[in-house]
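The values are calculated or read from the model by the stated rules, or taken from the named source; none is laboratory data. None of these values were measured; they are calculated from a predicted model. Positions of Cβ are backbone-derived with ideal geometry, glycine not excepted, and every protein chain shown enters the neighbour counts.
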Amino acid sequence: MIDPVRERQLSEENLVEICTEILLRSRNELYLNMRFLDVSLSSLGFEAAWDGSGLGTDGFTIFYQPEQLVQIWRKGRVLINRLYLHMVIHCLFGHIDGGKKAEDPRLWDLACDIAAESVIDGLYQKCVYLHPPALRRETYLRLKAEGLEVVTAEGIYHEAVAMKLGEEELARLEREFRIDNHSAWKRKEPPGMASRRQNRWKDNREKLQTAMETGSRDGSQDNRSLMEQVKAENRERYDYRDFLRKFSVLKEEMQVDADSFDYGFYSYGMSLYGNMPLMEPLETKEVKRIEDFVVAVDTSMSCSGQLVRRFLEETYGVLAESESYFRKINVHIIQCDDRIQSDTVIASPEDLKRYMDNFTIKGQGGTDFRPVFEYVRTLASQGRFSRLKGLIYFTDGKGIYPIECPPYETAFVFIDKAYTDISVPPWAMKLILPAWELEETKAGGND
């Protein structure tokens, strides 16, 4: 007589072997069609989940419910391939850890699924291609209309928050785009696991971009959606406020330094009194301050007035910090399209607040960056700067750049919704900010 427990165990083992073979074949087919994904495809192990939690990944392992996986496989191997790639994309683009601070976890999950599926729907590879249904096409067009040229999870999430989707529409989108189970994303993990996952997939993502850029150009258009997301994710990310602080200068200022004292007085006290050191704080300390600085704003018709204002508010927020400026500052805020429209000199926090309270855009013609650099050169020759640290130019990048490198640091700041940085000179820094960061963030100085 066959032991029923043993029979069930053998049945489960057989089912696990079948599922492992299904996943291995899917991985091999994806690899044969997209060899640049080799490292990423091989970075996930397989583990059967008998708890009914469905199909999902934690960035290290693909968890699958065996009966469910077999059921999908019976419908067609393309669905298995898409499922496998969908989970790999979640890992590649940091979806698992990216939403830990999202105010609406449900909306974040949906945004990640839409982002992953948009990449797959844009891959014209036979092993994964299915004609997108009408709802998908409408969703992608809607996101493009909102300015999301590259459909990232972060961008989708913030657009979805702004849209204030109703329960019915939200549920409809979930039914269309939900492919895997995200419960593994929310599990409590041992210390260091999140860092290991992030480092592993950051390395995989960088290798993927290198492989795609250096590999054969054949079929590059077929994989463009993936390449665009990889580039967007690999782009070095900065907090604009931290970036602006890099332009500060180190200067000694008369100010009590509570963190240090004169060791001569300390030793003298100990030798004179035996157990009583004399400590007097130093009267000067080195602090990072913004002194001479230029903020240039592209006021051409291609730049949104609301985003320009938000950019200046963020800049104001940094400059208004007590530790960021000297008692007397010299910041020029220049508005320019194809010529200088205005130059406002900010010499105090009061000047800065007054400027922001009465800010209006001037210009809105074409774009030429050269007049600003020529104007700043003239100001410097007139002795209007004691030590010009840098210039930040807020723009969409569609204009004529100067050829010669100026004697100060220069950074061009772009918004990711609509910009071009092809012609930016090699001597200039580039900072690309997500539009939603400016659209939703109010500068601390305006509170």
Within segment 10-31, can you find the residues that are touching a residue at least 24 places away in the same chain (Cβ under 8 Å) and out of contact with any Asp or Glu (no Cβ under 8 Å at 6 or more places or on another chain)?
Glu12, Val16, Ile18, Cys19, Thr20, Ile22, Leu23, Arg25, Ser26, Arg27, Glu29, Leu30
Test Arg82 against the criterion of being under 27 Å from Ala184 (Cα atoms), surrounded by 23 or more Cβ atoms within 10 Å (Cβ to Cβ) and modelled with pLDDT of 95 or more, and give yes or no.
yes
Every residue from segment 39-60 that is in contact (Cβ under 8 Å) with a residue 60 or more places away in the chain and either closer than 29 Å to Lys207 by Cβ or in contact with an Asp or Glu (Cβ under 9 Å, 6 or more places away or on another chain) (or both)
Val39, Ser40, Ser43, Gly54, Leu55, Gly56, Thr57, Asp58, Gly59, Phe60
Taking the condition in the same structural domain as Gln209 (by TED's automatic domain parsing), under 26 Å from Gln229 (Cα atoms) and of a type outside the set (S, T, N, Q), does Val39 pass?
yes
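Residue-wise test of (1) outside any helix (DSSP H, G or I); (2) assigned by TED's automatic domain parsing to the domain that holds Tyr316; (3) at pLDDT 85 or above.
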{"residue": "Trp185", "(1), (2), (3)": "no, no, yes"}
{"residue": "Pro190", "(1), (2), (3)": "yes, no, yes"}
{"residue": "Arg200", "(1), (2), (3)": "no, no, yes"}
{"residue": "Glu213", "(1), (2), (3)": "no, no, no"}
{"residue": "Arg224", "(1), (2), (3)": "no, no, no"}
{"residue": "Val256", "(1), (2), (3)": "yes, no, no"}
{"residue": "Asp259", "(1), (2), (3)": "yes, no, no"}
{"residue": "Leu272", "(1), (2), (3)": "no, no, no"}
{"residue": "Leu282", "(1), (2), (3)": "yes, no, no"}
Being among the hydrophobic types (A, V, I, L, M, F, W, C) and at pLDDT below 85 is true for just one of Ile403, Ile432. Which residue is that?
Ile432
How many residues are in a helix (DSSP H, G or I) and modelled with pLDDT of 80 or more if we restrict to segment 296-307?
0
Going by the conditions given, is Gly45 more than 30 Å from Gly122 (Cα to Cα) and exposed (fewer than 14 other Cβ atoms within 10 Å of the Cβ)?
no
Given the structure, is Ile114 part of a helix (DSSP H, G or I), without any contact (Cβ under 8 Å) to a residue 40 or more places away in the chain and either surrounded by fewer than 24 Cβ atoms within 10 Å (Cβ to Cβ) or out of contact with any Cys (no Cβ under 8 Å at 6 or more places or on another chain) (or both)?
no
Please tell me if Gly444 is surrounded by 14 or more Cβ atoms within 10 Å (Cβ to Cβ), more than 30 Å from Lys144 (Cβ to Cβ) and modelled with pLDDT under 85.
yes
Consider segment 147-200. How many of its residues are on the phi > 0 side of the Ramachandran plot and either in contact with a Cys (Cβ under 8 Å, 6 or more places away or on another chain) or touching a residue at least 24 places away in the same chain (Cβ under 8 Å) (or both)?
1
